[in-house]
Each structure stands twice: as C-alpha cells, then as structure tokens.
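Below is one structure, written out as structure tokens; comments come after it.
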Amino acid sequence: MEADIPTLLPWQSEVFQRALKLKREQHLPHAVMLETPSDYQMEHLARYLSMLLLCDQPQDISLCGTCEACRMMSAGTYADFKLVTQEVDPKTKKLSKNIKIEQIRNLIHEIFLTRKYDRLKIAVIYPAETMNKSSANALLKTLEEPADDVLLLLITRNPGRIPITLRSRCQSWTIDPPDEAQSLTWIESQGVNSANALQYLQYAGGDPLLAQNLQQHNYAQTVDSFKSNFSAFLRGGRSASELCKSLSSSEIAVSRRLIEMTLNAYCFKTCGVGSEEQGSSTQDRERARSLLDLQRRAQRQLQVEENNLDFQLQLEDVLISLKQILTRRLN
Ligand SMILES: [Zn+2]
C-alpha cells in the first residue's frame, strides 16, 4: 500500500503548507487554479495535494499514511475524489486534444450532486486549459452556485489559456519553479549522476521533471545521433523523411523537445545574442525573422494529437522549412 502514496516534491511544499493552513482555518475556497511550472506529473501533484487535504493527521506536510482517508486514497477507493483529464480514444488510441463536455457533466454529477463520505469532496481537472469552450461554460455554471465541502482544483501551466470568466471564480495558487541547486539535488536523488544532472537540466530548460523524463528516455544519445543526421540532411545526404524515421523510436514529447531545442539554438545563433560580432547584415536579419516565424509555427504544428503518423508529417514539414531557411542564399 505504501507504494501508492505519492512522494513530496520539495519545491511544491509552499503551496501544500498554504493549503493546509486554509483548511485548518476553515477557509478553503470552493475553486482553486493551481499554476505549476511543469507539464509533467500533474496527476502526482493532484493526488498529493488532495491526500494532504483529506488526511486526518498530516505531519507538517507529510501524509500520515495510516488514517482512513490515506488508506482509501492509496487504495483508489475514495469515491469523492475525481480526476479529469484528456481521454484516449479506445478505437484510434489517440489522446484527445480536449477535455470534453460529457466528462465535465459526469464530474458535476458525481462530485457535486452526490455524496459518499462525510469528508471533503475533491474534483481535479488537468491540464485545465485543454477544456473546450463548452466544457468551461458547464463548469462555470456550477461555480456560480458552489456546493459546500467541494474543492474544485484546476491544474495548469498556462493559466492565460483558461477563460477569464472561469479564472476569476478561482483562487489562484502558484508553484514557483525550483532554482538550479534545488533542481540538481532532486535530479541526483533520482539516481542521475551529477555531471549528467546538469546536462539534462539544461536540455529540459530548467524543468527537473522534464529532465527526469528525458533522462529516462536516454535523450543525450538521441541528441548526438540527431546532430549527425541533421548535418547530413543539411548537406543533402539524407532526406527529411529519413531524418524523421531516425527519430520515430523516440517518444513524441522527446522528439518535440529536440526540435524545439534545435530551433532555439539556430534562433539564438542567428540573432547574434551573445556573439562577439557587431551589427548584422540584411541577410542575417532576414534569416532571423524567418527562423522566429518558423519557431512560432512549429510550436503549433508539433502540438498535434499523439498520433505518430501525423506527428511525423508535421515534423518533416518543419525540418524542410528549417533547411530552406538555413541554406537559402539571399541576394
Ligand atoms: Zn492520513
């Protein structure tokens, strides 16, 4: 049973302390929008925070692990706790882009209209910005007449993408990203040696949870082989589809990160940030503009549903555009 109790991530502790304090003072709001610095482990965060609020005897911000609430939560039998996220279509195996209105309706029915235990009821929606308009509206109606002893928790990394009408009904809590030292300590505590820890943290743009994910997928090796395949591609020794195929064994999130990093690196280089060179030619400026455009476009393009074929096609398109920009000669 102990294995089902989530562990505490140190940089989240401030928010947990705040939540417990509000609970003790009986000032827990009906709805919270929790902003987290990472797209990773949102479910883990939701579980820990919910268990902490349900636990009868938390020790500071640690779960007691033995009370009725802890036991039910870790066994998955506490029926007044609901998690809603994007679903995988059983036929296509694709992850839906949106949280659908039926999911929100079911949630409202299960959490707001029925009661199984004499405890706090908790409904979590994550990533909350994936609710479509009708889902958000359905939820909004519920928040206009909040029920007692219900906590609605919206977890997101992009609060700006949540309709303001919904946001304004939530109390806003924020988890600040950990600093570098804290991140490194944590990554090392996950069994990564210190030399690799720093490299992975850089790969992940400072997000230790993404760093852990990349490390588990042997990202350093993927980067090395991508670099040599990419130079062959630029020289014409490899086609875009061959280059994409070489990435197809990686998880989509890993490939996406790799392309983001490649585009960022070229933008950085072309814009001359940090370079010793003074001034830039028209050609440089033109190229920088094209790269920034491509970077923005790629961000949208690579957010396709988790379908490998669609992703490969988008990826190919981005790589061909990148090659055109990098090899184009301007008069
Ligand atoms: Zn407990």
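Restricting the first residue to the range 141-168 and requiring it to be part of a helix (DSSP H, G or I), which pairs with a second residue that is modelled with pLDDT under 90 meet a Cβ separation below 9 Å and a spacing of at least six or different chains?
T142/F112; L166/L143
Of all the helices (runs of 4 or more DSSP H) wholly in the range 173-278, which have at least 2 residues that are under 20 Å from S38 (Cα atoms)?
Helices (runs of 4 or more DSSP H) meeting the threshold: 180-189, 194-203, 208-216, 252-270.
Go through the range 20-74 residue by residue and tally those that are of a type outside the set (D, E) and either assigned to a loop (DSSP other than H, G, I, E, B) or open to solvent by 60 Å² or more (accessible area, probe 1.4 Å) (or both).
Qualifying residue count, the range 20-74: 25.
In this structure, does S231 turn out to be loosely packed, with under 15 Cβ neighbours inside 10 Å, farther than 25 Å from F311 by Cα, out of contact with any helix residue (DSSP H, G or I) (no Cβ under 7 Å at 6 or more places or on another chain) and free of Cβ contacts under 8 Å to residues at least 60 places away in the same chain?
No, not satisfied.
Among the residues of the range 75-86, which ones are in contact (Cβ under 8 Å) with a residue 12 or more places away in the chain, surrounded by fewer than 16 Cβ atoms within 10 Å (Cβ to Cβ) and part of a loop (DSSP other than H, G, I, E, B)?
Passing the criteria: G76, A79.
Please verify whether T165 is more than 30 Å from Q26 (Cβ to Cβ), open to solvent by 70 Å² or more (accessible area, probe 1.4 Å) and out of contact with any strand residue (DSSP E or B) (no Cβ under 6 Å at 6 or more places or on another chain), treating the condition exactly as stated.
no
When you scan the range 95-116, do you find a residue that is touching a residue at least 12 places away in the same chain (Cβ under 8 Å), open to solvent by less than 20 Å² (accessible area, probe 1.4 Å), in a strand (DSSP E or B) and within 16 Å of the ligand (Cβ to nearest atom), even just one?
no
If T92 meets every condition in (1) within 16 Å of the ligand (Cβ to nearest atom); (2) touching a residue at least 60 places away in the same chain (Cβ under 8 Å); (3) open to solvent by 30 Å² or more (accessible area, probe 1.4 Å) apart from one, which number is that one?
Failing condition for T92: (1).
The values are calculated or read from the model by the stated rules, or taken from the named source; none is laboratory data. Note that this is a predicted model, so its numbers are computed, not measured. Glycine also receives a Cβ, built like all others from the backbone with ideal geometry; neighbour counts cover every protein chain displayed. Heads up: the accessible areas ignore ligands, DNA and RNA and are worked out on the full protein's heavy atoms, side chains in. Shrake-Rupley method; radii C 1.70, N 1.55, O 1.52, S 1.80 Å.
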